[in-house]
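> The following block contains the structure, expressed as structure tokens.
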Amino acid sequence: MKRKCLLLTLVLSLVCCLFLTGCGGDNAQYAWVLAHSSSEDTVTHLYSLKFAEEVERLSGGEMKVQVYSSSALGGDTELLESCEVGDIPFVVQNTAPQVSYLPKLALFDMPCVYSNIEDVQAVFDNQDFVNKINDIYLAGGFRLLGMADQNFRIMTSNVKVEKFSDFSGIKIRTMENANHIAFWKALGANPTPMTFSEVYIGLSQGTIDAQENPYEVVVSSKLYEAQKYAVQTNHLPHLISLIVSEEFFQGLPAEQQDIIQQAADNAKAYAREQAAQRAADRIQILEENNCEILTLDDEMWDEIQNAASDVYANIRTIVHDDELVNAYLGTP
């Protein structure tokens, strides 16, 4: 029933968009759906809006994309399923929920690989590497148009973390991602998968002590109201993929395909700029709301990496492509 309601919503949305923009004849305009599960006060939404804006601009107004935010058309799993069959042509989302469908994307669940977001971005500026990642998406029926980021994921907590042993026993909410869960267990924490809509209440009531997300999400969801500390674990880059149904994409004329890819490239550059500008602002907002920022020294970073060695080994097994893993890690 839920699936049928979603499809009905999409059909009505598409019909309304087509009639509102005018259809038929030489003045036909295209109105395609792009959906994501994040709130509007995030880089994810800005990335989506910029892509839609660029598609319209580059096509001279002949191609249009309608953006739906905040899980209006479904959660991450539903959006991915709908994109695969072409019901929702475009989706913007973090790579973590995609691992269940595209196991090799577990590559990006490798913790504490980079401590500088510019180094992460440099990896995705390597076209050979991007082509390899696109092959993973293509095998699942998607095409990767671009990969932006919301800087790193960090931990917020009501338990002060100043040394490695402080992770022990902390009840931390994670996404339903086995690699994320394994990482926090390796640190001695007690990871608890939980729907994000329940996180604020869980923190307020003490069901959980902590959670992990990029600063963007911490601020947009006002999690700082229920947390005392923001621990700069920077354990994972929060990557944001812009994907399109491959079947849908291949059904378009080459000229429209080119416009879509150029729009995606422009939107990625814009999203990076926004992420860099907003990170410092978000930290300031946390501090203004009495959320103390805790940094990790090199010794603690090394301890975390060492503790996560089994997680690395397991992910290598899942990806089953040493060349790809080494390309991401920057090792020969």
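The values are calculated or read from the model by the stated rules, or taken from the named source; none is laboratory data. Here the structure is a predicted model, which is why all the values come from computation and not from measurement. Here the Cβ is made from the backbone with ideal geometry for all residues, glycine too, and neighbour counts use every protein chain on show. Accessible surface areas use protein heavy atoms only, side chains included; no ligands, DNA or RNA. Shrake-Rupley method; radii C 1.70, N 1.55, O 1.52, S 1.80 Å.
> ILE240 passes all but one of (1) touching a residue at least 12 places away in the same chain (Cβ under 8 Å); (2) open to solvent by 10 Å² or more (accessible area, probe 1.4 Å); (3) aliphatic (A, V, I, L, M); which number fails?
(2)
> Here is a check on your reading of the model: is LEU58 within 20 Å of ALA148 (Cα to Cα) and at pLDDT 95 or above?
So LEU58 fails the test.
> Could I ask something else about it? Go through the range 58-109 and count every residue that is farther than 23 Å from GLN256 by Cβ and either among the β-branched types (Val, Ile, Thr) or in a loop (DSSP other than H, G, I, E, B) (or both).
12
> Could you grab me the full set of residues in the range 297-332 that are under 20 Å from THR233 (Cβ atoms) and touching an Asp or Glu at 6+ places or on another chain (Cβ under 9 Å)?
MET300, VAL311, ILE315
> When the residues of the range 273-302 are filtered to those that are part of a helix (DSSP H, G or I) and among the aliphatic types (A, V, I, L, M), which remaining residue is farthest from the chain's Cα centre (by Cα)?
MET300
> Does VAL130 meet the test of being open to solvent by 20 Å² or more (accessible area, probe 1.4 Å), closer than 24 Å to GLU54 by Cβ, free of Cβ contacts under 8 Å to residues at least 24 places away in the same chain and touching a helix residue (DSSP H, G or I) at 6+ places or on another chain (Cβ under 8 Å)?
yes
> Then there is this: Identify, by number, the condition in (1) closer than 23 Å to VAL219 by Cβ; (2) open to solvent by less than 10 Å² (accessible area, probe 1.4 Å) that SER115 doesn't meet.
(2)
> If you go through the range 282-332, how many residues are open to solvent by 40 Å² or more (accessible area, probe 1.4 Å) and within 19 Å of ALA178 (Cβ to Cβ)?
Of the residues in the range 282-332, 10 are open to solvent by 40 Å² or more (accessible area, probe 1.4 Å) and within 19 Å of ALA178 (Cβ to Cβ).
Residue-wise test of (1) under 14 Å from the mean Cα position of the chain (by Cα); (2) under 18 Å from ALA269 (Cα atoms).
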| residue | (1), (2) |
| --- | --- |
| GLN66 | no, no |
| SER69 | yes, no |
| TYR101 | no, no |
| CYS112 | no, no |
| GLU118 | no, yes |
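> Having 1 or more residues that are without any contact (Cβ under 8 Å) to a residue 40 or more places away in the chain and surrounded by fewer than 23 Cβ atoms within 10 Å (Cβ to Cβ) is the bar; report the strands (runs of 3 or more DSSP E) wholly within the range 134-227 that clear it. Walk me through it before giving the result.
Values: elements: 142-157, 171-174, 190-193, 210-214.
Those strands (runs of 3 or more DSSP E) span 171-174, 190-193.
> Which condition breaks for LEU105 when tested against (1) open to solvent by less than 60 Å² (accessible area, probe 1.4 Å); (2) free of Cβ contacts under 8 Å to residues at least 60 places away in the same chain; (3) out of contact with any helix residue (DSSP H, G or I) (no Cβ under 7 Å at 6 or more places or on another chain)?
Failed condition: (3).
> Of the residues ILE208, ILE240, only one is modelled with pLDDT of 95 or more and within 16 Å of the chain's Cα centre (by Cα); which?
ILE240
> Please go through the range 243-257 and give me each residue that is assigned to a helix (DSSP H, G or I), more than 26 Å from PRO97 (Cβ to Cβ) and over 24 Å from the mean Cα position of the chain (by Cα), ordered by number.
ALA254, GLU255, GLN256, listed by residue number.
> Here are some conditions: (1) more than 18 Å from the chain's Cα centre (by Cα); (2) over 18 Å from GLU323 (Cβ atoms); (3) not aliphatic (A, V, I, L, M). PHE142 meets all but one. Which one does it not meet?
(1)
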